[in-house]
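The values are calculated or read from the model by the stated rules, or taken from the named source; none is laboratory data. Nothing here was measured: the structure is a model prediction, and the numbers come from that model. Here the Cβ positions follow ideal geometry from the backbone for every residue, glycine too, while neighbour counts run over all protein chains shown. With ligands, DNA and RNA removed, areas are computed over all heavy atoms of the protein, side chains included. Shrake-Rupley method; radii C 1.70, N 1.55, O 1.52, S 1.80 Å.
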Amino acid sequence: MAMENFAPVMFAGLILVMLLGFPVAFSLAALGLGCGIFAVFMGWFPAEFMAALPQNVFGILSNDLLLAIPFFTMMGTLLEKCGLAEDMLDSMGQLFGPIRGGLGYSVIIVGFILGAITGTVAGQVIAMAMISLPVMMRYGYNMRYATGVLAASGTITQIVPPSLVLVVLADQLGRSVGDMYKGAWGPSILQVLIFALYTFVLSRVRPEHVPGVPKESRTLLGWALWAKCLRGIIPSAILIFAVLGSMGGLPGLDTAVATPTEAGAMGAVGAFILAGMYGRLTWPLVRDAMYSTARITAMVVYILIGSRVFSLVFQGVDGGRWIEHMLSGLPGGQIGFLIVVNIFIFFLAFFLDFFEIAFIILPLLGPVAEKMGIDLVWFGVMLCVNMQTSFMHPPFGFALFYLRGIADSLFKNGAIPRKVESKDIYLGAVPWVLMQLILVAIVIFVPQSVTIFLDKPQVLDLNKATETLQNMGAAPSDEAASMPDFPVPEGASEAASEPDPMDVFKTPAAKP
(Lines give C-alpha, C1' and ligand atoms only; values in the text may rest on other atoms or scores of the structure.)
Protein backbone atom coordinates (compact mmCIF):
# COMPACT_ATOMS: atom_id res chain seq x y z
CA MET A 1 0.00 0.00 0.00
CA ALA A 2 1.27 3.47 -0.87
CA MET A 3 1.34 6.10 1.89
CA GLU A 4 -0.93 8.47 -0.04
CA ASN A 5 -3.67 5.80 0.07
CA PHE A 6 -3.39 5.22 3.82
CA ALA A 7 -4.93 8.55 4.92
CA PRO A 8 -8.38 7.65 3.48
CA VAL A 9 -8.12 4.27 5.21
CA MET A 10 -7.39 5.98 8.55
CA PHE A 11 -10.32 8.35 8.05
CA ALA A 12 -12.65 5.43 7.28
CA GLY A 13 -11.34 3.70 10.40
CA LEU A 14 -12.11 6.85 12.37
CA ILE A 15 -15.75 6.77 11.24
CA LEU A 16 -15.96 3.04 12.00
CA VAL A 17 -14.64 3.22 15.58
CA MET A 18 -16.98 6.11 16.32
CA LEU A 19 -19.95 4.06 15.16
CA LEU A 20 -18.99 1.04 17.27
CA GLY A 21 -20.14 2.73 20.46
CA PHE A 22 -16.94 2.35 22.51
CA PRO A 23 -15.63 5.40 24.43
CA VAL A 24 -14.31 7.67 21.71
CA ALA A 25 -11.17 8.79 23.53
CA PHE A 26 -9.83 5.26 24.01
CA SER A 27 -10.97 4.11 20.55
CA LEU A 28 -9.12 6.99 18.94
CA ALA A 29 -5.96 6.37 20.91
CA ALA A 30 -5.99 2.67 20.00
CA LEU A 31 -6.62 3.45 16.33
CA GLY A 32 -3.86 6.04 16.27
CA LEU A 33 -1.30 3.78 17.95
CA GLY A 34 -2.18 0.83 15.72
CA CYS A 35 -1.89 2.92 12.55
CA GLY A 36 1.32 4.47 13.84
CA ILE A 37 2.96 1.07 14.38
CA PHE A 38 1.86 -0.01 10.91
CA ALA A 39 3.28 3.20 9.38
CA VAL A 40 6.63 2.65 11.11
CA PHE A 41 6.68 -0.96 9.88
CA MET A 42 6.03 0.25 6.33
CA GLY A 43 8.83 2.81 6.63
CA TRP A 44 6.62 5.86 6.06
CA PHE A 45 8.16 7.67 9.02
CA PRO A 46 10.81 6.68 11.62
CA ALA A 47 10.06 5.27 15.06
CA GLU A 48 11.36 8.50 16.60
CA PHE A 49 8.26 10.20 15.22
CA MET A 50 6.09 8.15 17.58
CA ALA A 51 8.58 8.57 20.43
CA ALA A 52 7.77 12.29 20.43
CA LEU A 53 4.11 11.56 21.21
CA PRO A 54 4.27 11.81 25.06
CA GLN A 55 5.99 15.18 24.93
CA ASN A 56 3.52 16.33 22.30
CA VAL A 57 0.54 15.38 24.46
CA PHE A 58 2.09 17.00 27.53
CA GLY A 59 2.63 20.21 25.59
CA ILE A 60 -1.05 20.35 24.65
CA LEU A 61 -2.29 19.63 28.17
CA SER A 62 -0.06 22.37 29.60
CA ASN A 63 -2.09 24.93 27.65
CA ASP A 64 -3.29 27.52 30.18
CA LEU A 65 -6.42 28.23 28.14
CA LEU A 66 -7.82 24.79 28.98
CA LEU A 67 -7.93 25.81 32.66
CA ALA A 68 -10.91 27.98 31.76
CA ILE A 69 -13.00 24.82 31.24
CA PRO A 70 -13.16 23.69 34.90
CA PHE A 71 -13.70 27.28 36.09
CA PHE A 72 -16.63 27.93 33.75
CA THR A 73 -18.03 24.47 34.52
CA MET A 74 -17.89 25.18 38.25
CA MET A 75 -19.61 28.54 37.73
CA GLY A 76 -22.39 27.00 35.68
CA THR A 77 -22.97 24.06 38.00
CA LEU A 78 -23.24 26.26 41.09
CA LEU A 79 -25.69 28.66 39.45
CA GLU A 80 -27.70 25.78 38.03
CA LYS A 81 -28.41 24.42 41.53
CA CYS A 82 -28.83 27.63 43.55
CA GLY A 83 -32.49 28.28 42.69
CA LEU A 84 -31.89 30.98 40.10
CA ALA A 85 -33.72 29.12 37.32
CA GLU A 86 -36.78 28.51 39.46
CA ASP A 87 -37.18 32.16 40.43
CA MET A 88 -36.65 33.43 36.90
CA LEU A 89 -39.05 30.96 35.27
CA ASP A 90 -41.76 31.63 37.85
CA SER A 91 -41.51 35.41 37.54
CA MET A 92 -41.16 35.45 33.72
CA GLY A 93 -44.04 32.98 33.38
CA GLN A 94 -46.33 35.27 35.38
CA LEU A 95 -45.13 38.33 33.47
CA PHE A 96 -45.67 36.95 29.94
CA GLY A 97 -48.22 34.23 30.73
CA PRO A 98 -51.46 36.15 30.05
CA ILE A 99 -50.58 36.69 26.35
CA ARG A 100 -50.88 33.88 23.83
CA GLY A 101 -47.64 31.93 23.76
CA GLY A 102 -46.49 33.77 26.89
CA LEU A 103 -45.14 30.69 28.62
CA GLY A 104 -43.18 29.87 25.46
CA TYR A 105 -41.68 33.37 25.37
CA SER A 106 -40.69 33.08 29.02
CA VAL A 107 -38.97 29.71 28.45
CA ILE A 108 -37.04 31.14 25.46
CA ILE A 109 -35.91 34.28 27.32
CA VAL A 110 -34.96 32.41 30.48
CA GLY A 111 -33.16 29.80 28.37
CA PHE A 112 -31.08 32.59 26.82
CA ILE A 113 -30.25 34.15 30.20
CA LEU A 114 -29.48 30.81 31.83
CA GLY A 115 -27.33 29.90 28.83
CA ALA A 116 -25.14 32.89 29.59
CA ILE A 117 -24.68 31.97 33.25
CA THR A 118 -24.78 28.16 33.46
CA GLY A 119 -23.45 26.75 30.20
CA THR A 120 -24.82 23.25 30.83
CA VAL A 121 -27.56 21.78 28.64
CA ALA A 122 -28.47 19.02 31.06
CA GLY A 123 -29.14 21.23 34.06
CA GLN A 124 -30.92 23.84 31.98
CA VAL A 125 -33.33 21.40 30.31
CA ILE A 126 -34.07 19.60 33.57
CA ALA A 127 -34.61 22.80 35.58
CA MET A 128 -36.90 24.39 33.00
CA ALA A 129 -38.88 21.18 32.38
CA MET A 130 -39.48 20.60 36.09
CA ILE A 131 -41.00 24.05 36.48
CA SER A 132 -42.60 24.85 33.11
CA LEU A 133 -43.85 21.51 31.78
CA PRO A 134 -46.54 21.04 34.50
CA VAL A 135 -47.70 24.65 34.02
CA MET A 136 -47.88 24.28 30.23
CA MET A 137 -49.87 21.05 30.52
CA ARG A 138 -52.19 22.60 33.09
CA TYR A 139 -53.16 25.46 30.77
CA GLY A 140 -53.55 23.33 27.64
CA TYR A 141 -50.36 23.95 25.68
CA ASN A 142 -49.77 21.62 22.74
CA MET A 143 -47.52 18.82 23.97
CA ARG A 144 -45.19 18.85 20.96
CA TYR A 145 -44.69 22.60 21.20
CA ALA A 146 -44.06 22.37 24.95
CA THR A 147 -41.43 19.63 24.68
CA GLY A 148 -39.80 21.27 21.65
CA VAL A 149 -39.42 24.71 23.19
CA LEU A 150 -38.05 23.27 26.44
CA ALA A 151 -35.42 21.18 24.67
CA ALA A 152 -34.44 23.87 22.15
CA SER A 153 -34.15 26.62 24.76
CA GLY A 154 -31.81 24.40 26.72
CA THR A 155 -29.46 24.02 23.75
CA ILE A 156 -29.10 27.80 23.31
CA THR A 157 -26.45 27.59 26.00
CA GLN A 158 -24.01 26.16 23.43
CA ILE A 159 -23.76 29.41 21.47
CA VAL A 160 -24.40 32.03 24.16
CA PRO A 161 -21.13 33.33 25.70
CA PRO A 162 -19.41 32.24 27.88
CA SER A 163 -19.96 28.82 26.30
CA LEU A 164 -17.46 26.02 26.90
CA VAL A 165 -17.77 25.03 23.25
CA LEU A 166 -16.52 28.45 22.16
CA VAL A 167 -13.51 28.17 24.48
CA VAL A 168 -12.56 24.83 22.92
CA LEU A 169 -13.14 26.12 19.38
CA ALA A 170 -10.97 29.16 20.05
CA ASP A 171 -8.19 26.91 21.34
CA GLN A 172 -8.35 24.53 18.38
CA LEU A 173 -8.51 27.33 15.79
CA GLY A 174 -5.85 29.46 17.43
CA ARG A 175 -8.09 32.49 17.86
CA SER A 176 -8.88 34.76 20.79
CA VAL A 177 -11.64 33.59 23.11
CA GLY A 178 -12.83 37.18 23.36
CA ASP A 179 -13.21 37.42 19.57
CA MET A 180 -15.04 34.10 19.50
CA TYR A 181 -17.45 35.39 22.15
CA LYS A 182 -18.03 38.63 20.25
CA GLY A 183 -18.74 36.68 17.09
CA ALA A 184 -21.26 34.44 18.87
CA TRP A 185 -23.46 37.28 20.13
CA GLY A 186 -25.07 37.90 16.75
CA PRO A 187 -26.14 34.27 16.06
CA SER A 188 -27.30 33.74 19.66
CA ILE A 189 -29.56 36.80 19.51
CA LEU A 190 -30.82 35.73 16.08
CA GLN A 191 -31.61 32.27 17.47
CA VAL A 192 -33.77 33.75 20.21
CA LEU A 193 -35.58 35.98 17.70
CA ILE A 194 -36.24 33.03 15.35
CA PHE A 195 -37.68 30.97 18.22
CA ALA A 196 -39.83 33.89 19.36
CA LEU A 197 -41.04 34.55 15.79
CA TYR A 198 -42.11 30.91 15.45
CA THR A 199 -44.02 31.15 18.72
CA PHE A 200 -45.69 34.38 17.57
CA VAL A 201 -46.74 32.88 14.20
CA LEU A 202 -48.05 29.75 15.94
CA SER A 203 -50.06 31.89 18.36
CA ARG A 204 -51.79 33.50 15.37
CA VAL A 205 -52.21 30.41 13.19
CA ARG A 206 -53.01 27.89 15.95
CA PRO A 207 -53.94 29.92 19.05
CA GLU A 208 -55.31 26.83 20.78
CA HIS A 209 -51.78 25.35 20.83
CA VAL A 210 -50.34 28.21 22.94
CA PRO A 211 -53.18 29.71 24.99
CA GLY A 212 -52.73 32.56 27.42
CA VAL A 213 -52.76 31.98 31.17
CA PRO A 214 -55.79 33.54 32.94
CA LYS A 215 -54.78 36.71 34.77
CA GLU A 216 -56.47 35.52 37.94
CA SER A 217 -53.96 32.65 38.08
CA ARG A 218 -51.09 35.03 38.77
CA THR A 219 -49.89 35.18 42.37
CA LEU A 220 -47.84 38.36 41.91
CA LEU A 221 -48.85 41.68 40.38
CA GLY A 222 -47.35 45.11 39.85
CA TRP A 223 -44.07 46.03 41.49
CA ALA A 224 -43.81 42.74 43.40
CA LEU A 225 -43.76 40.85 40.10
CA TRP A 226 -41.18 43.17 38.53
CA ALA A 227 -39.03 43.02 41.66
CA LYS A 228 -38.90 39.23 41.49
CA CYS A 229 -37.95 39.37 37.81
CA LEU A 230 -35.18 41.88 38.43
CA ARG A 231 -33.96 39.94 41.46
CA GLY A 232 -32.93 37.12 39.15
CA ILE A 233 -31.81 39.17 36.15
CA ILE A 234 -29.70 41.96 37.68
CA PRO A 235 -27.21 39.83 39.71
CA SER A 236 -26.85 37.45 36.77
CA ALA A 237 -26.27 40.32 34.34
CA ILE A 238 -23.63 41.86 36.60
CA LEU A 239 -21.76 38.56 36.80
CA ILE A 240 -21.89 37.94 33.05
CA PHE A 241 -20.86 41.48 32.13
CA ALA A 242 -17.97 41.28 34.59
CA VAL A 243 -16.74 37.91 33.28
CA LEU A 244 -17.14 38.65 29.56
CA GLY A 245 -16.07 42.29 29.81
CA SER A 246 -12.84 41.42 31.61
CA MET A 247 -11.69 39.27 28.66
CA GLY A 248 -12.97 41.60 25.94
CA GLY A 249 -15.88 39.34 25.01
CA LEU A 250 -18.57 42.03 24.85
CA PRO A 251 -19.37 44.09 21.74
CA GLY A 252 -17.64 47.46 21.81
CA LEU A 253 -14.84 46.38 24.15
CA ASP A 254 -11.46 46.22 22.47
CA THR A 255 -9.28 45.72 25.55
CA ALA A 256 -9.04 42.63 27.73
CA VAL A 257 -7.82 43.02 31.31
CA ALA A 258 -7.94 39.30 32.12
CA THR A 259 -7.21 36.02 30.37
CA PRO A 260 -10.08 33.54 29.86
CA THR A 261 -8.70 31.47 32.74
CA GLU A 262 -8.66 34.47 35.08
CA ALA A 263 -12.15 35.50 33.94
CA GLY A 264 -13.38 31.95 34.57
CA ALA A 265 -11.92 32.00 38.07
CA MET A 266 -13.65 35.31 38.73
CA GLY A 267 -16.91 33.82 37.44
CA ALA A 268 -16.58 30.82 39.77
CA VAL A 269 -16.08 33.16 42.74
CA GLY A 270 -19.10 35.19 41.63
CA ALA A 271 -21.16 32.00 41.44
CA PHE A 272 -20.27 31.22 45.06
CA ILE A 273 -21.41 34.73 46.02
CA LEU A 274 -24.71 34.41 44.12
CA ALA A 275 -25.39 30.99 45.65
CA GLY A 276 -24.81 32.54 49.08
CA MET A 277 -27.19 35.40 48.26
CA TYR A 278 -29.91 32.86 47.45
CA GLY A 279 -29.22 30.96 50.67
CA ARG A 280 -28.28 27.76 48.82
CA LEU A 281 -24.53 27.66 49.47
CA THR A 282 -24.29 24.35 51.30
CA TRP A 283 -21.67 21.63 51.41
CA PRO A 284 -23.81 19.15 49.33
CA LEU A 285 -24.16 21.85 46.64
CA VAL A 286 -20.42 22.50 46.56
CA ARG A 287 -19.67 18.76 46.53
CA ASP A 288 -22.02 18.14 43.60
CA ALA A 289 -20.51 21.07 41.71
CA MET A 290 -16.99 19.77 42.29
CA TYR A 291 -17.98 16.29 41.16
CA SER A 292 -19.59 17.56 37.95
CA THR A 293 -16.61 19.79 37.24
CA ALA A 294 -14.12 16.95 37.71
CA ARG A 295 -16.15 14.58 35.54
CA ILE A 296 -16.51 17.02 32.63
CA THR A 297 -12.87 18.12 32.82
CA ALA A 298 -11.63 14.52 32.86
CA MET A 299 -13.80 13.70 29.85
CA VAL A 300 -12.37 16.65 27.92
CA VAL A 301 -8.78 15.71 28.79
CA TYR A 302 -9.19 12.07 27.73
CA ILE A 303 -10.82 13.08 24.44
CA LEU A 304 -8.02 15.57 23.84
CA ILE A 305 -5.33 12.91 24.43
CA GLY A 306 -7.03 10.34 22.19
CA SER A 307 -7.60 12.84 19.40
CA ARG A 308 -3.98 14.00 19.58
CA VAL A 309 -2.67 10.45 19.21
CA PHE A 310 -4.81 9.97 16.12
CA SER A 311 -4.10 13.36 14.55
CA LEU A 312 -0.33 13.04 15.00
CA VAL A 313 -0.23 9.80 13.00
CA PHE A 314 -2.79 11.14 10.50
CA GLN A 315 -0.62 14.18 9.80
CA GLY A 316 2.44 11.93 9.59
CA VAL A 317 0.96 10.06 6.63
CA ASP A 318 0.02 13.35 4.92
CA GLY A 319 -3.62 13.13 5.94
CA GLY A 320 -3.83 16.90 6.24
CA ARG A 321 -2.76 17.31 2.62
CA TRP A 322 -5.33 14.71 1.52
CA ILE A 323 -8.12 16.55 3.36
CA GLU A 324 -6.99 19.85 1.86
CA HIS A 325 -6.94 18.51 -1.71
CA MET A 326 -10.32 16.86 -1.26
CA LEU A 327 -12.11 19.89 0.19
CA SER A 328 -10.38 22.75 -1.60
CA GLY A 329 -11.39 21.32 -4.98
CA LEU A 330 -15.12 21.46 -4.25
CA PRO A 331 -17.28 23.51 -6.64
CA GLY A 332 -18.54 26.83 -5.37
CA GLY A 333 -15.35 28.03 -3.68
CA GLN A 334 -15.76 29.12 -0.06
CA ILE A 335 -19.55 28.76 -0.03
CA GLY A 336 -19.36 25.25 -1.50
CA PHE A 337 -16.76 24.28 1.09
CA LEU A 338 -18.84 25.68 3.96
CA ILE A 339 -22.02 23.93 2.80
CA VAL A 340 -20.30 20.55 2.49
CA VAL A 341 -18.56 20.94 5.86
CA ASN A 342 -21.78 21.89 7.62
CA ILE A 343 -23.66 18.94 6.10
CA PHE A 344 -20.84 16.66 7.23
CA ILE A 345 -20.82 18.10 10.78
CA PHE A 346 -24.62 17.88 10.99
CA PHE A 347 -24.66 14.15 10.24
CA LEU A 348 -21.56 13.51 12.34
CA ALA A 349 -23.38 15.12 15.28
CA PHE A 350 -25.87 12.24 15.17
CA PHE A 351 -23.16 10.10 16.77
CA LEU A 352 -20.65 12.47 18.44
CA ASP A 353 -21.01 15.26 20.97
CA PHE A 354 -19.52 18.71 20.53
CA PHE A 355 -16.28 18.04 22.44
CA GLU A 356 -15.47 15.04 20.27
CA ILE A 357 -16.20 16.96 17.06
CA ALA A 358 -14.12 19.93 18.22
CA PHE A 359 -11.07 17.88 19.16
CA ILE A 360 -11.20 15.28 16.37
CA ILE A 361 -12.63 16.92 13.25
CA LEU A 362 -11.84 20.61 13.69
CA PRO A 363 -8.02 20.21 13.53
CA LEU A 364 -8.54 18.61 10.10
CA LEU A 365 -10.85 21.31 8.77
CA GLY A 366 -9.36 24.45 10.32
CA PRO A 367 -6.15 24.59 8.22
CA VAL A 368 -8.13 24.07 5.01
CA ALA A 369 -10.53 26.89 5.90
CA GLU A 370 -7.65 29.22 6.69
CA LYS A 371 -5.89 28.49 3.39
CA MET A 372 -9.14 29.25 1.56
CA GLY A 373 -9.21 32.70 3.16
CA ILE A 374 -12.14 32.00 5.52
CA ASP A 375 -12.18 33.98 8.73
CA LEU A 376 -11.65 31.38 11.46
CA VAL A 377 -13.83 33.20 14.01
CA TRP A 378 -16.71 33.10 11.51
CA PHE A 379 -15.90 29.46 10.77
CA GLY A 380 -15.79 28.48 14.45
CA VAL A 381 -19.04 30.23 15.38
CA MET A 382 -20.73 28.67 12.34
CA LEU A 383 -19.73 25.16 13.44
CA CYS A 384 -20.84 25.95 17.00
CA VAL A 385 -24.31 26.91 15.71
CA ASN A 386 -24.38 23.66 13.74
CA MET A 387 -23.25 21.50 16.65
CA GLN A 388 -26.10 22.62 18.90
CA THR A 389 -28.37 20.48 16.72
CA SER A 390 -26.57 17.40 18.10
CA PHE A 391 -28.62 17.81 21.28
CA MET A 392 -31.91 17.82 19.40
CA HIS A 393 -31.94 14.95 16.92
CA PRO A 394 -31.81 11.15 17.30
CA PRO A 395 -30.25 8.83 18.13
CA PHE A 396 -28.14 10.69 20.70
CA GLY A 397 -30.09 13.90 21.23
CA PHE A 398 -29.15 14.36 24.86
CA ALA A 399 -31.60 17.22 25.42
CA LEU A 400 -34.38 14.84 24.40
CA PHE A 401 -33.02 12.16 26.74
CA TYR A 402 -33.01 14.61 29.65
CA LEU A 403 -36.54 15.71 28.80
CA ARG A 404 -37.70 12.08 28.54
CA GLY A 405 -36.27 11.30 31.97
CA ILE A 406 -37.66 14.34 33.78
CA ALA A 407 -41.11 13.90 32.16
CA ASP A 408 -41.27 10.33 33.50
CA SER A 409 -40.25 11.52 36.95
CA LEU A 410 -42.89 14.26 36.94
CA PHE A 411 -45.58 11.75 35.93
CA LYS A 412 -44.59 9.31 38.68
CA ASN A 413 -44.65 12.11 41.24
CA GLY A 414 -48.09 13.25 40.11
CA ALA A 415 -46.86 16.68 38.96
CA ILE A 416 -48.30 16.17 35.45
CA PRO A 417 -51.68 14.52 34.75
CA ARG A 418 -50.58 12.15 31.97
CA LYS A 419 -47.48 10.53 30.60
CA VAL A 420 -45.52 12.31 27.88
CA GLU A 421 -45.17 10.08 24.82
CA SER A 422 -41.76 9.64 23.18
CA LYS A 423 -43.23 10.47 19.77
CA ASP A 424 -44.34 13.87 21.12
CA ILE A 425 -40.80 14.59 22.28
CA TYR A 426 -39.11 13.56 19.03
CA LEU A 427 -41.70 15.03 16.65
CA GLY A 428 -41.83 18.17 18.75
CA ALA A 429 -38.10 18.66 18.22
CA VAL A 430 -38.33 18.65 14.39
CA PRO A 431 -39.40 22.31 13.80
CA TRP A 432 -36.79 23.54 16.28
CA VAL A 433 -34.01 21.62 14.55
CA LEU A 434 -35.14 23.16 11.26
CA MET A 435 -34.96 26.62 12.85
CA GLN A 436 -31.43 25.89 14.04
CA LEU A 437 -30.50 24.87 10.49
CA ILE A 438 -32.03 28.11 9.19
CA LEU A 439 -29.64 29.95 11.50
CA VAL A 440 -26.73 27.92 10.07
CA ALA A 441 -27.76 29.06 6.56
CA ILE A 442 -27.98 32.68 7.72
CA VAL A 443 -24.48 32.52 9.20
CA ILE A 444 -23.11 30.97 5.98
CA PHE A 445 -24.62 33.47 3.56
CA VAL A 446 -24.56 36.53 5.86
CA PRO A 447 -21.14 36.50 7.55
CA GLN A 448 -21.88 39.95 8.98
CA SER A 449 -24.14 38.17 11.49
CA VAL A 450 -20.88 37.03 13.12
CA THR A 451 -18.40 39.75 12.21
CA ILE A 452 -20.61 42.74 13.03
CA PHE A 453 -19.39 42.88 16.63
CA LEU A 454 -15.75 42.09 15.88
CA ASP A 455 -13.05 44.73 15.78
CA LYS A 456 -12.95 46.50 12.44
CA PRO A 457 -9.72 46.11 10.44
CA GLN A 458 -7.52 49.15 10.19
CA VAL A 459 -7.15 50.89 6.84
CA LEU A 460 -3.92 52.64 5.87
CA ASP A 461 -4.56 55.95 4.07
CA LEU A 462 -1.45 56.59 1.96
CA ASN A 463 -2.41 60.21 1.31
CA LYS A 464 -2.30 60.90 5.04
CA ALA A 465 0.91 58.87 5.34
CA THR A 466 2.48 60.97 2.58
CA GLU A 467 1.44 64.19 4.30
CA THR A 468 2.92 62.98 7.57
CA LEU A 469 6.21 62.05 5.90
CA GLN A 470 6.39 65.46 4.20
CA ASN A 471 5.90 67.14 7.54
CA MET A 472 8.78 65.06 8.90
CA GLY A 473 11.02 66.28 6.09
CA ALA A 474 10.84 63.24 3.82
CA ALA A 475 10.37 63.50 0.06
CA PRO A 476 8.24 60.63 -1.18
CA SER A 477 7.86 60.05 -4.89
CA ASP A 478 4.91 61.27 -6.92
CA GLU A 479 3.84 57.66 -7.48
CA ALA A 480 3.27 57.13 -3.78
CA ALA A 481 1.38 60.38 -3.41
CA SER A 482 -1.06 59.37 -6.11
CA MET A 483 -1.80 55.91 -4.76
CA PRO A 484 -5.36 55.25 -3.49
CA ASP A 485 -6.22 53.96 -0.03
CA PHE A 486 -4.78 50.52 0.55
CA PRO A 487 -6.70 48.11 2.84
CA VAL A 488 -4.56 46.18 5.27
CA PRO A 489 -6.86 43.28 6.37
CA GLU A 490 -6.32 39.70 5.27
CA GLY A 491 -7.94 38.42 2.14
CA ALA A 492 -6.76 41.27 -0.12
CA SER A 493 -5.54 38.91 -2.81
CA GLU A 494 -5.32 41.61 -5.45
CA ALA A 495 -2.97 43.65 -3.36
CA ALA A 496 -0.86 40.58 -2.67
CA SER A 497 -0.30 39.98 -6.38
CA GLU A 498 0.90 43.54 -7.06
CA PRO A 499 4.04 45.37 -5.88
CA ASP A 500 3.72 46.77 -2.40
CA PRO A 501 2.92 50.51 -2.71
CA MET A 502 4.97 51.17 0.40
CA ASP A 503 8.11 49.93 -1.38
CA VAL A 504 8.59 53.42 -2.78
CA PHE A 505 9.46 54.54 0.74
CA LYS A 506 11.71 51.56 1.43
CA THR A 507 13.75 50.99 -1.78
CA PRO A 508 16.38 53.60 -2.74
CA ALA A 509 16.32 54.91 -6.28
CA ALA A 510 18.49 52.95 -8.67
CA LYS A 511 21.67 54.60 -9.85
CA PRO A 512 22.03 55.27 -13.57
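Using 0.36 nm per residue, how much length does the chain from residue 328 to residue 280 gain when fully extended, once their Cα-Cα distance is taken away?
Values: separation 48, 0.36 × 48 = 17.28 nm, distance 5.37 nm.
Value of the extension gain: 11.9 nm.
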If we count trypsin sites (Lys or Arg not before Pro) as exposed when they sit in a DSSP loop and have at most 13 other beta carbons within 10 Å, what is the longest stretch of the chain that avoids them all? 1-417
Given the DSSP H assignment, sum -39500 (n - 2.57) over each helix run of at least 4 residues in the chain and divide by its residue total; what's the result at 222 nm in deg cm²/dmol, nearest 500? -22500 deg cm²/dmol
Lys/Arg Cβ at +1, Asp/Glu Cβ at -1, dipole of the range 356-419 taken about the Cα centre: which of 386, 358, 414 is farthest positive-ward? 414
Report relative contact order for the chain in percent, whole number only (criteria: Cα-Cα under 8 Å, sequence separation at least 6). 23 percent
Dipole of the range 1-123, positive end: most advanced residue of 104, 1, 73 [Cβ charges, Cα centre]: 104
With each label point set 7 Å from Cα along the Cα-Cβ vector, what nm distance links residue 49 and residue 437? 4.0 nm
Taking 7 Å along the Cα-to-C-beta vector as the label spot, tell me the residue 257-residue 315 distance in nanometres, rounded to one decimal. 3.7 nm
Rounded to the angstrom and largest first, Cα extents along the principal axes for the chain equal 96, 67, 48
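Out of the total accessible area of the chain (probe 1.4 Å, heavy atoms of protein only), what percent is carbon and sulfur? The partial results should precede the final answer.
On the way: 15300 of 23250 Å².
Carbon and sulfur: 66 percent of the exposed surface of the chain.
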To the nearest 20 debye, what is the magnitude of the charge dipole of the chain about its Cα centre, counting +1 on the Cβ of each Lys and Arg and -1 on the Cβ of each Asp and Glu? 2360 debye
Which FRET efficiency, nearest 0.05, do residue 206 and residue 42 yield, Cβ-Cβ r, R0 56 Å? 0.30
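Quick one: accessible area per residue over the range 3-109, 1.4 Å probe, rounded to a whole number of Å²? Don't skip to the answer; put the middle values down first.
Working: 4660 Å² over 107 residues.
It amounts to 44 Å² per residue over the range 3-109.
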Taking r as the C-beta separation of residue 219 and residue 343 and R0 as 56 Å, the FRET efficiency to the nearest 0.05 is 0.70
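What are the DSSP H helices in the chain that stretch 30 Å or more along their long axis, judged by alpha-carbon atoms, and whose average Kyte-Doolittle hydropathy comes to at least 1.0?
Values: long enough: 177-205 (42 Å, 0.97); 222-246 (36 Å, 1.41); 283-316 (49 Å, 0.90); 422-445 (35 Å, 1.77).
Qualifying helices, which must be both long enough and hydrophobic enough, are 222-246, 422-445.
If the chain between residue 196 and residue 20 were fully stretched, how many nm would it gain, using 0.36 nm times the residue separation less the Cα-Cα distance? Walk me through the numbers before you get to the answer.
Working: separation 176, 0.36 × 176 = 63.36 nm, distance 3.90 nm.
Separation in residues times 0.36 nm, less the Cα-Cα distance, equals 59.5 nm.
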Taking a probe of 1.4 angstrom, what is the accessible area of residue 311 in Å², to the nearest 10? 20 Å²
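Any idea of the accessible area per residue across the range 367-446, 1.4 Å probe, to the nearest Å²?
Numbers: 3250 Å² over 80 residues.
Ligands and nucleic acids excluded, the result is 41 Å² per residue.
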Which of the listed residues, 427, 51, 373, is farthest toward the dipole's positive end in the chain, when Lys, Arg count +1 and Asp, Glu count -1 at the beta-carbon? 427
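May I ask you to give the solvent-accessible area per residue for the range 260-334, in square angstrom, as obtained with a 1.4 angstrom probe?
Values: 3680 Å² over 75 residues.
Using a 1.4 Å probe on heavy atoms only, each residue of the range 260-334 averages 49 Å².
Just how large is the dipole of the range 98-256 about the Cα centre, in debye to the nearest 20, putting +1 at every Lys and Arg Cβ and -1 at every Asp and Glu Cβ?
Value, rounded to 20: 560 debye.
Of 182/423; 182/215; 182/371; 81/412, which ones are farther than 29 Å apart at the Cα? Could the numbers behind the result be given before it?
On the way: 182/423 38 Å; 182/215 40 Å; 182/371 23 Å; 81/412 22 Å.
Too far apart for the 29 Å limit: 182/423; 182/215.
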